[in-house]
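Following: one structure in structure tokens, then a few remarks.
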Amino acid sequence: MGCELLVITGPTASGKTARGVDCARALGGEIVSADSRQIYRGMDLGTGKDLEEYGDVPYHLIDIMPAGYRYNLYEYLRDANAAVEAVRSRGHLPVVVGGTGMYVEALLNGLRLPEVPANPELRQELEGKSLAELTEILSSMKSLHNTTDVDTAKRAIRAIEIETFYRNHPELAQDAVPHPVKKAVVIGVDIPRDMRRSRISARLRKRLDDGMLDEVKSLLAAGIPSENLIYYGLEYKYLTEHVLGLTSFDEMFSALETAIHQFAKRQMTWFRGMERRGHHIEWLPYDLPSEEFVASVKKLVQEC
């Protein structure tokens with residue numbers, strides 16, 4: 001059995017989309033996005049879809065949900081696994097491209113989450129409890145490996161709801177046991193910090209010049225609640241606050257630029273964590289000529 005999955009990942013502004021397209025084209029692959037925001041229709045400049053880069057290479061999990069929706073990990077794994085299996089059924093190589101580390105790692109781990117229905121009684125019981133109280137309840141039910149479950153009271157209540165469901169349905173909880181992908185090649189696009197920062201700033205200016213502010217105004221005019229756009233963070237958070245008159249353009253630009261730099265740093269922290277958790281990432285220089293980059297990836301895929 002050959003390589004089951006090729007992953008091209010890395011921090012924002014590292015050029016991974018172009019690298020993923022080059023590799024998919026050379027290897028007869030199809031791209032499965034691992035970007036938590038590119039799934040939304042109408043959110044193009046702010047998420048850096050760069051659809052023109054794909055050319056004739058098929059891609060999946062981009063523009064599949066309306067703006068304003070709140071997609072989650074369960075839905076991603078459901079949709080990504082279906083896409084990967086469909087690509088394989090056509091005899092093609094699934095090429096996962098994106099920088100949402102949680103999505104990438106969960107997919108590599110073969111995690112499949114059962115759909116957990118709402119529990120109105122439990123929600124009512126937990127309503128009004130502080131975030132600290134909810135965190136204490138959740139920590140008594142499972143080890144908190146990261147803080148995403150307790151970012152907000154709403155998330156913490158949902159996490160408690162999920163853990164309660166697993167305890168009441170142990171047979172379904174078994175479905176959540178990871179079944180790691182046995183043969184995967186994970187490529188990280190390695191870019192020096194200073195160059196990454198420079199490219200982030202230049203890209204932000206270009207996207208603003210290309211009409212990113214108008215994109216946000218259009219989404220708001222289409223009836224997307226401002227709090228939903230703010231929920232998506234980064235470009236949509238800061239540009240929405242600017243459109244609402246909460247910040248000046250210069251204040252927005254400075255705060256957003258800083259936030260994107262911090263986001264890229266968090267991405268790298270996640271990737272280093274993946275390596276500590278047993279995922280080998282082959283880091284290739286961001287400025288490696290395309291032919292050399294593809295040749296290196298092709299060799300790793302053949303040896304997989």
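The values are calculated or read from the model by the stated rules, or taken from the named source; none is laboratory data. A quick note: this is a predicted structure, and the numbers were derived from the prediction, not measured. A quick note on method: Cβ atoms are made from the backbone with ideal geometry, for glycine too, and the neighbour counts reach across all protein chains shown. Protein only, heavy atoms only, side chains kept; ligands, DNA and RNA dropped before computing areas. Shrake-Rupley method; radii C 1.70, N 1.55, O 1.52, S 1.80 Å.
General remarks:
For every residue, the table says whether it meets (1) more than 22 Å from Glu105 (Cβ to Cβ); (2) open to solvent by 20 Å² or more (accessible area, probe 1.4 Å); (3) in contact with a Ser or Thr (Cβ under 7 Å, 6 or more places away or on another chain).
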position: Leu5; (1), (2), (3): no, no, no
position: Pro11; (1), (2), (3): no, no, no
position: Gly20; (1), (2), (3): no, no, no
position: Arg25; (1), (2), (3): yes, yes, no
position: Leu45; (1), (2), (3): yes, yes, no
position: Lys49; (1), (2), (3): yes, no, no
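- Residue in segment 78-98 that is among the charged types (D, E, K, R), in contact with a strand residue (DSSP E or B) (Cβ under 9 Å, 6 or more places away or on another chain), surrounded by 14 or more Cβ atoms within 10 Å (Cβ to Cβ) and at pLDDT 90 or above present: yes
Table: residues versus (1) surrounded by 13 or more Cβ atoms within 10 Å (Cβ to Cβ); (2) touching a residue at least 12 places away in the same chain (Cβ under 8 Å); (3) among the polar types (S, T, N, Q); (4) closer than 30 Å to Glu4 by Cα.
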site	(1), (2), (3), (4)
Val186	yes, yes, no, yes
Asp190	yes, yes, no, yes
Met195	yes, yes, no, no
Ser198	yes, no, yes, no
Ala202	no, no, no, no
Leu208	yes, yes, no, no
Gly211	yes, yes, no, no
Val216	yes, yes, no, no
Leu220	yes, yes, no, no
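- Scan segment 27-43 for residues that are within 26 Å of Lys237 (Cβ to Cβ), crowded, with 24+ Cβ neighbours inside 10 Å and over 13 Å from the mean Cα position of the chain (by Cα) and the total you get is 1.
- Considering segment 113-143, the residues that are part of a loop (DSSP other than H, G, I, E, B) and of a type in the set (S, T, N, Q) include one that is nearest to the chain's Cα centre (by Cα), namely Ser143.
- When each of Glu282, Glu227, Glu275 is tested for being touching a strand residue (DSSP E or B) at 6+ places or on another chain (Cβ under 8 Å), surrounded by fewer than 19 Cβ atoms within 10 Å (Cβ to Cβ) and of a type in the set (Asp, Glu), the lone residue that passes is Glu282.
For (1) without any contact (Cβ under 8 Å) to a residue 12 or more places away in the chain; (2) open to solvent by 40 Å² or more (accessible area, probe 1.4 Å); (3) farther than 23 Å from Tyr231 by Cα, each residue gets a yes or a no:
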| position | (1), (2), (3) |
| --- | --- |
| Arg112 | no, yes, yes |
| Ala118 | no, yes, no |
| Arg123 | no, yes, no |
| Ala132 | yes, yes, no |
| Thr135 | no, no, no |
| Ser139 | yes, yes, yes |
| Arg155 | yes, yes, no |
| Glu161 | no, no, no |
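- Filtered residues of segment 83-112 (kept if of a type outside the set (D, E, K, R) and more than 17 Å from the chain's Cα centre (by Cα)): Ala86, Val87, Ser89, Gly91, His92, Leu93
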